[in-house]
Amino acid sequence: MPGKHAVKCPETDTEFSIGSMGGMSTDKSMRSSKSVCIRLSFASGELAVRTALGQLKQGLAPMRLSKVDESNVELVLGEVLNNVVEHAYGANATGQVTLECLPAADRLRFCVRDSGKPFPGLHLPVARQPIVDGPEGELPEGGFGFFLVRSLATELNYRRESGRNLLSFHILLSPYGGSG
Amino acid sequence: MKLETDDMGDFQVVTVQEERIDAAVAIRFKDRMREVTATDSPHVVLDLSRVNFVDSSGLGAIVAAMKQLGSTRRLDLAGLTPTVERVFRLTRMDTVFTIHDSVGQAQSVYAG
């Protein structure tokens with residue numbers, strides 16, 4: 001079992017320890033009555049992404065996000081994490097994926113970190129709206145993932161550093177969030 | 001990937017008995033859809049009322065399922081839950097499919 005690793009999120013410059021694999025830790029010093037700081041670390045895999053999304057939703061439960069905000073979180077994180085599994089690591093590789101969530105007054109700030117391959121060209125995909133006007137037989141079956149990410153998240157930032165991918169972004173919360 | 005199918009007379013309904021069509025199951029969904037729609041039915045309605053989450057892989061698999069039917073058969077959708085409906089709307093895939101509130105509503109529309 002590997003020892004603790006230090007993770008530094010470029011968003012906040014906060015440095016903290018990630019414990020054992022598959023765990024979720026909540027930093028009590030940052031918890032207010034309604035917000036939590038969430039860190040998850042797991043071994044790459046499609047089913048592991050499902051588990052991580054479930055843990056993330058559980059961790060966010062005290063914030064009582066609106067259903068729309070919660071679904072935005074799940075959609076964006078689902079795309080980002082599955083992209084790490086499928087492209088950064090791919091079918092023949094596995095590795096750690098680390099997710100950090102830091103709430104602010106009007107948004108959730110996320111940082112996702114992995115040790116897989118970089119994005120081609122070292123930049124995020126430029127995602128255009130899928131073309132749905134053509135013949136049915138030519139409808140696209142892929143390429144929607146980053147379109148959804150760019151539609152639902154802001155402040156996307158990608159950096160490659162010391163053999164690691166660092167992707168950060170914000171998800172804005174609805175003005176009257178918490179009413180469910 | 002649990003799919004149930006029924007002959008409604010005017011169309012074949014395929015009910016997805018899962019809560020998620022996502023990257024973990026998208027390929028299995030596509031394969032199972034190919035199996036259960038290997039019928040003569042020219043019209044299939046996919047009941048998604050139990051599905052509360054579809055990601056881009058799941059959306060792609062639903063599109064693939066439609067294309068698998070070929071140009072002479074049609075695939076409608078029914079019972080889209082809010083998050084699923086948003087994904088279709090954001091990608092404008094809601095303009096590609098006929099979407100019914102429910103299988104019951106589809107039956108009223110297509111009652112022969």
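Restricting B:Glu85, B:Glu35, B:Glu19 to those that are out of contact with any Phe, Trp or Tyr (no Cβ under 9 Å at 6 or more places or on another chain), more than 9 Å from every other protein chain (Cβ to nearest Cβ) and either closer than 21 Å to A:Leu75 by Cβ or crowded, with 18+ Cβ neighbours inside 10 Å (or both) reduces the list to B:Glu85.
Being touching a residue at least 12 places away in the same chain (Cβ under 8 Å), within 13 Å of another protein chain (Cβ to nearest Cβ) and open to solvent by 20 Å² or more (accessible area, probe 1.4 Å), is that true of even one residue in the stretch B:53-60? Yes, some residue in the stretch B:53-60 is touching a residue at least 12 places away in the same chain (Cβ under 8 Å), within 13 Å of another protein chain (Cβ to nearest Cβ) and open to solvent by 20 Å² or more (accessible area, probe 1.4 Å). Taking the stretch A:87-103 as the range and being assigned to a loop (DSSP other than H, G, I, E, B), more than 27 Å from A:Cys37 (Cβ to Cβ) and either open to solvent by 30 Å² or more (accessible area, probe 1.4 Å) or free of Cβ contacts under 8 Å to residues at least 12 places away in the same chain (or both) as the test, the residues that pass are A:Ala91, A:Asn92, A:Ala93. Of everything listed in (1) out of contact with any strand residue (DSSP E or B) (no Cβ under 8 Å at 6 or more places or on another chain); (2) aliphatic (A, V, I, L, M); (3) open to solvent by less than 80 Å² (accessible area, probe 1.4 Å); (4) more than 26 Å from B:Ser71 (Cα to Cα), the single unmet condition for A:Val126 is (3).
Does A:Val84 satisfy being under 15 Å from A:His170 (Cα atoms), within 13 Å of the chain's Cα centre (by Cα) and either open to solvent by less than 30 Å² (accessible area, probe 1.4 Å) or not acidic (Asp, Glu) (or both)? So that I can check it myself, show each step before the final result.
Numbers: under 15 Å from A:His170 (Cα atoms): no; within 13 Å of the chain's Cα centre (by Cα): yes; either open to solvent by less than 30 Å² (accessible area, probe 1.4 Å) or not acidic (Asp, Glu) (or both): yes.
Judged against the criteria, A:Val84 is not a match.
The residue pairs whose first member lies in the stretch A:104-115 and is farther than 12 Å from A:Ser44 by Cβ and in a loop (DSSP other than H, G, I, E, B), whose second member is of a type outside the set (Asp, Glu) and open to solvent by less than 50 Å² (accessible area, probe 1.4 Å), and whose beta carbons are closer than 7 Å, counting only pairs six or more residues apart or on different chains, are A:Asp106/A:Leu173.
Would you say A:Pro120 is over 30 Å from B:Ser71 (Cα atoms), open to solvent by 20 Å² or more (accessible area, probe 1.4 Å), within 14 Å of another protein chain (Cβ to nearest Cβ) and free of Cβ contacts under 8 Å to residues at least 40 places away in the same chain? Step through it out loud before you land on a result.
Values: over 30 Å from B:Ser71 (Cα atoms): yes; open to solvent by 20 Å² or more (accessible area, probe 1.4 Å): yes; within 14 Å of another protein chain (Cβ to nearest Cβ): no; free of Cβ contacts under 8 Å to residues at least 40 places away in the same chain: yes.
Criteria not met by A:Pro120.
Going by the structure shown, is A:Arg128 touching an Asp or Glu at 6+ places or on another chain (Cβ under 9 Å) and either within 14 Å of another protein chain (Cβ to nearest Cβ) or of a type outside the set (Asp, Glu) (or both)?
Numbers: touching an Asp or Glu at 6+ places or on another chain (Cβ under 9 Å): no; either within 14 Å of another protein chain (Cβ to nearest Cβ) or of a type outside the set (Asp, Glu) (or both): yes.
So A:Arg128 does not fit the description; no.
Taken residue by residue, the stretch A:52-72 has no member that is more than 10 Å from chain B (Cβ to nearest Cβ) and among the β-branched types (Val, Ile, Thr).
For the stretch B:38-51, which positions are open to solvent by less than 70 Å² (accessible area, probe 1.4 Å), at pLDDT 95 or above and not aliphatic (A, V, I, L, M)? Passing the criteria: B:His43, B:Asp47, B:Ser49.
The values are calculated or read from the model by the stated rules, or taken from the named source; none is laboratory data. The structure displayed is predicted, hence computed values, not measured ones. Glycine also receives a Cβ, built like all others from the backbone with ideal geometry; neighbour counts cover every protein chain displayed. Just the protein is used for accessible areas: all its heavy atoms, side chains included, with ligands, DNA and RNA removed. Shrake-Rupley method; radii C 1.70, N 1.55, O 1.52, S 1.80 Å.
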